[in-house]
Protein chains: 2
Amino acid sequence: MSISTRFSVGIHILSLLELNKESVNTSDYMAKSVNTNPALIRKITGMLKMAGLVNVRPGIAGATLAKGLSDMTLLDVYHAVNVTSDKELFGIHENPNPACPVGRNIQSSLEPIFSVAELALEKALGAVTIEDVVKEIIEKDKRSNSRKDSAI
Amino acid sequence: MSISTRFSVGIHILSLLELNKESVNTSDYMAKSVNTNPALIRKITGMLKMAGLVNVRPGIAGATLAKGLSDMTLLDVYHAVNVTSDKELFGIHENPNPACPVGRNIQSSLEPIFSVAELALEKALGAVTIEDVVKEIIEKDKRSNSRKDSAI
DNA sequence: TTAACATGTAATTCAAGTAGTTACAAGTCG
DNA sequence: CGACTTGTAACTACTTGAATTACATGTTAA
C-alpha cells in the first residue's frame with residue numbers, strides 16, 4: 001500500500017503557512033486549500049506541532065511556522081506524520097519455520113538490508129527542505145501564469 | 001502502511017529454492033517454511049514467474065529458479081510482487097483547491113521529489129542480489145550452529 | 001483410463017489502516 | 001456572555017493484506 005497522504009498534506013500545510021503568512025490560517029481555511037475537512041487538518045497540524053514544526057494553540061485561531069523553512073526537511077514531515085516510529089517501512093512475514101535454515105534466518109538477514117534501503121529513502125527526503133518546495137511552487141505558478149498571459 | 005510482506009515472502013521463496021534445490025519445492029512444502037498457506041505461495045510464485053524469476057507449471061510439482069542467483073536483485077522481486085506499476089509509493093492527496101497557489105501546484109511539485117526518493121530506495125534494493133541474501137543466511141546459520149556446538 | 005497429486009485462481013472472511021464526517025468539550029477573546 | 005477555534009473521540013465507508021476454502025485444470029504413474 002502507499003505511504004499515507006498525511007505526508008503530502010503535511011507538506012501542503014507547511015507550504016501554505018509560508019505563502020499565506022499574512023493571513024490567519026485556520027484549520028477551516030487550510031481544509032479548503034487541501035480539499036478535505038478541518039478535523040483532519042487539525043489532526044495533522046497536531047502531529048506537526050508535536051514535531052516542533054508549527055505553533056498552534058487551543059482556542060487561538062491559526063497555525064504558524066515554528067522554524068525557518070530551510071530548517072525543515074521533508075524527512076522531518078515524514079517522521080512527524082508517519083507512525084513509522086513503531087513500524088518499519090518494509091513488512092516482514094512473521095513466524096517463519098525455525099526448523100528450516102531459511103525460516104530461522106530470513107528475518108535477521110533481511111532487516112539490515114531493508115534498513116539500508118529505508119535510510120536511502122530517508123536521506124533523499126532529508127535533502128529537500130520545505131523552502132525548496134515553496135520555491136518550486138512559486139516557480140511553477142509563475143510559469144503557468146505567464147503562459148496564460150501570453151495566450152491572451 | 002508498510003510495504004506488503006509479499007516482498008519478504010518472495011525473497012524467502014527464492015532463497016529456499018536455492019538452498020533446497022536438491023528436493024522438489026511444492027507450494028505445500030514452501031508454505032510450511034514461510035508459515036503460511038499454499039494458496040498464497042502459489043500466488044506469489046505466479047508473480048515471480050511473470051517476472052521471469054522462477055519456472056513453475058500447472059500440474060507439475062515444484063518450482064525452480066529461472067535465472068542465476070547473482071542475476072536477481074531484490075529490486076526484481078520488489079517489482080515482481082508489488083503492484084507498484086500502477087501505484088506510486090507515495091500517495092498524494094487528490095483534488096487540492098485550484099484556486100490556491102499551493103493547491104494548484106503541490107502535486108506537480110511533489111511528484112519529481114517523491115520520484116527521486118523512490119529511486120533512491122530502488123537503487124539500494126537493486127544493489128543486493130538474492131545470492132547475497134543466500135550467503136547471509138548460510139553465514140548466519142553457521143554462526144548459530146557453532147555457538148550451539150560450543151555451548152555443549 | 002483412472003486415481004492421486006500439484007498448480008492456478010476465484011470467492012470468502014477477517015483484520016487493519018486511511019480518510020471523511022459529525023459532534024462536542026475546552027480554550028480564547030472581543 | 002457569546003462567537004469562534006482547536007483538540008478529540010466516535011462512527012462510517014472504503015481499500016488492502018492475508019488466511020482460508022474450494023475447485024477447475026493439468027500431469028504422472030499405476
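Restricting B:K32, B:K43 to those that are over 23 Å from B:E118 (Cα atoms), more than 9 Å from DNA strand D (Cβ to nearest atom) and not hydrophobic (A, V, I, L, M, F, W, C) reduces the list to B:K32. Looking across the stretch B:1-48 at every residue that is of a type in the set (G, A, S) and over 30 Å from A:Y78 (Cβ atoms), the one that is surrounded by the most Cβ atoms within 10 Å (Cβ to Cβ) is identified as B:S15. Answer yes or no as to whether A:D141 is open to solvent by 70 Å² or more (accessible area, probe 1.4 Å) and either facing another protein chain (nearest Cβ under 9 Å) or away from DNA strand D (no atom under 16 Å from the Cβ) (or both). Taking the combined requirement at face value, the residue does not satisfy it.
Just the residues that are farther than 17 Å from A:I130 by Cα and more than 16 Å from DNA strand D (Cβ to nearest atom), please, taken from the stretch B:85-103. The answer is B:P96, B:N97, B:P98, B:A99, B:C100.
Looking only at the stretch A:56-104, residues that are over 26 Å from B:I113 (Cα atoms), within 16 Å of DNA strand C (Cβ to nearest atom) and either more than 9 Å from every other protein chain (Cβ to nearest Cβ) or touching a residue at least 40 places away in the same chain (Cβ under 8 Å) (or both) come to 7 in all. Of all residues in the stretch B:5-48, those that are within 12 Å of DNA strand C (Cβ to nearest atom) and polar (S, T, N, Q) total 6. Residue by residue through the stretch A:21-36, note down the ones that are more than 9 Å from every other protein chain (Cβ to nearest Cβ) and among the aliphatic types (A, V, I, L, M). Across the stretch A:21-36, the qualifying residues are A:V24, A:M30, A:A31.
The values are calculated or read from the model by the stated rules, or taken from the named source; none is laboratory data. The model shown is predicted, which means the values in this text are computed figures rather than measured ones. Note: ideal-geometry Cβ built from the backbone for every residue, glycine included; neighbour counts use all protein chains shown. Please note that ligands, DNA and RNA were not included when accessible areas were found on the heavy atoms of the full protein model with its side chains. Shrake-Rupley method; radii C 1.70, N 1.55, O 1.52, S 1.80 Å.
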